[in-house]
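The values are calculated or read from the model by the stated rules, or taken from the named source; none is laboratory data. As the structure is a computational prediction, the values presented were derived from the model and not from experiment. Methodologically, a virtual Cβ is constructed for each residue, glycine included, from the backbone with ideal geometry; neighbour enumeration extends over all protein chains shown.
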Amino acid sequence: MTLRAHLKTARLSLRPVAATDAAAVVAYLNDLAISGWLARVPMPYTAADFEQFATDIAYPGETFVIEDAQGFAGIIGAGFELGYWLAPRAQGQGYASEAARAVLEMQFAHDESTVAAGYFEGNHASARVLAKLGFAEVGRSLKHCRALGMDRPHVDLLLTLPGFLAANPLEIRTARLRLAPLEVERDWRDIARIGGHPDVAPMTNSHRSPWPEAEVRATLIESQWQGKLGFRLGIWFDAKLIGAVGIWDNPIETGYFLDPAFWGQGIASEAMAAFLPQMIARFGLTEVFADHCIDNPASGAVLRKLGFRQIGEGMGESLARSAPVPIAIYRLQAPKVNA
């Protein structure tokens, strides 16, 4: 996945730094209540400092302005190191965690290397935010604070992909359903039963009927949630595992399967209507493909309800069938992100 210059969260828009941000940034960074907790910001902070920052440091896709409904709320940057600050009126509302989570999700989908961060001792708000994100302390040091012109005790942190995923589990809820990562030992029997059902397996390309334990385990291991495309989530209804949804790369393609006992209740549409927008937003997708066997018209109805349009037909393979099967091919065009 590529880095993106624009990100959206539930409450925030993240966009590139622009010349029109100069007045706000200069005003806020001349407040020691903000700059005194930052390492590299000089005091006084001038328009020339902002111009250098915007030109030489604030690359789109790495540094973002945080905006809420009232406008400018702060700055956040990632890459090898996460850093951020918020305007006083935007503090204490969970914005730092919300913005950082979106930036880190993109960062780890693009690059699985670690991300550094840290805070000066006494910055309890940043300590809480970074711990919530999954950062772990790796040492203590003295770090120079330019605004105060002195060295200050500093807590050094590091975030790994496993640490981030553990601290920020993926879960999607709807009115009736919970979508969450599958666990091999806990879930393989239900997945084998559902995915290997004689009415389900022939509608997939990789399930057998019955579906052998070794193949189910291998499938679940290969499709574990790791912060990037190529995974499945289970679908739970009243704490009962009843199916799965998934999305893959090269090409970007989605699919689902559901326990026949729950067919005809709108559950597939409900699950996919919640799943797809989050995947499009999380990974910056522009289009998603899907297909269904011609003898499975119900899946075609679900796809069309979700906004997919049929773009062709072809022949597909299914391990549960003795011969190739005609399929209908669909594409969903994702809404464009405002530039």
Boolean, Ala27 is surrounded by fewer than 20 Cβ atoms within 10 Å (Cβ to Cβ), over 29 Å from His110 (Cβ atoms), over 28 Å from the mean Cα position of the chain (by Cα) and among the aliphatic types (A, V, I, L, M) | yes
Among residues of the stretch 110-128, those that are out of contact with any helix residue (DSSP H, G or I) (no Cβ under 6 Å at 6 or more places or on another chain) and under 20 Å from Leu165 (Cβ atoms), counted = 7
Might you check whether a residue that is surrounded by 13 or more Cβ atoms within 10 Å (Cβ to Cβ), of a type in the set (Val, Ile, Thr), within 22 Å of Gly196 (Cα to Cα) and touching a residue at least 40 places away in the same chain (Cβ under 8 Å) occurs anywhere in the stretch 275-288?
-> no
Filter result (surrounded by fewer than 16 Cβ atoms within 10 Å (Cβ to Cβ) and either assigned by TED's automatic domain parsing to the domain that holds Pro162 or under 25 Å from Val325 (Cβ atoms) (or both)) within the stretch 215-241 = Ala218, Glu222, Gly230
Specify the residue that is surrounded by the most Cβ atoms within 10 Å (Cβ to Cβ); the eligible residues are those in the stretch 138-175 that are in a loop (DSSP other than H, G, I, E, B) and among the hydrophobic types (A, V, I, L, M, F, W, C).
-> Ala147
The correct count of residues that are among the aliphatic types (A, V, I, L, M) and over 17 Å from His207 (Cβ atoms) in the stretch 250-260 is 1
Give the number of residues within the stretch 76-102 that are among the acidic types (Asp, Glu) and part of a strand (DSSP E or B).
-> 1
Does Leu14 satisfy the condition of being surrounded by 19 or more Cβ atoms within 10 Å (Cβ to Cβ) and either among the charged types (D, E, K, R) or more than 28 Å from His110 (Cα to Cα) (or both)?
-> no
Selection over the stretch 302-321 where residues are more than 20 Å from Ile280 (Cα to Cα) and surrounded by 13 or more Cβ atoms within 10 Å (Cβ to Cβ) yields a count of 5
Exclusive hit being at pLDDT below 95 and not β-branched (Val, Ile, Thr), set Phe108, Phe135 = Phe108
Does Gly246 satisfy being modelled with pLDDT under 95, small (Gly, Ala, Ser) and under 30 Å from Ser113 (Cβ atoms)?
-> no
Residue, farthest from the chain's Cα centre (by Cα), within the stretch 244-266, restricted to residues that are farther than 16 Å from Trp225 by Cα and touching a residue at least 40 places away in the same chain (Cβ under 8 Å) = Pro260
Of the residues in the stretch 180-198, those that are within 30 Å of Val103 (Cα to Cα) and out of contact with any helix residue (DSSP H, G or I) (no Cβ under 6 Å at 6 or more places or on another chain) number 3
His207 being part of a loop (DSSP other than H, G, I, E, B) and either hydroxyl-bearing (Ser, Thr, Tyr) or under 21 Å from Phe289 (Cβ atoms) (or both) = yes
Could you identify the single residue in Tyr59, Tyr84 that is closer than 15 Å to Arg15 by Cα, of a type in the set (Ser, Thr, Tyr) and surrounded by fewer than 19 Cβ atoms within 10 Å (Cβ to Cβ)?
-> Tyr59
Scope the stretch 106-137; condition part of a strand (DSSP E or B) and either over 30 Å from Gly230 (Cβ atoms) or not assigned by TED's automatic domain parsing to the domain that holds Pro42 (or both); matching residues = Gly118, Tyr119, Phe120, Glu137
Working only within the stretch 227-257, note down all residues that are outside any strand (DSSP E or B) and touching a helix residue (DSSP H, G or I) at 6+ places or on another chain (Cβ under 7 Å).
-> Gly227, Lys228, Leu229
Per the filter on the stretch 30-56, residues β-branched (Val, Ile, Thr), assigned to a helix (DSSP H, G or I) and surrounded by fewer than 15 Cβ atoms within 10 Å (Cβ to Cβ) are Thr55
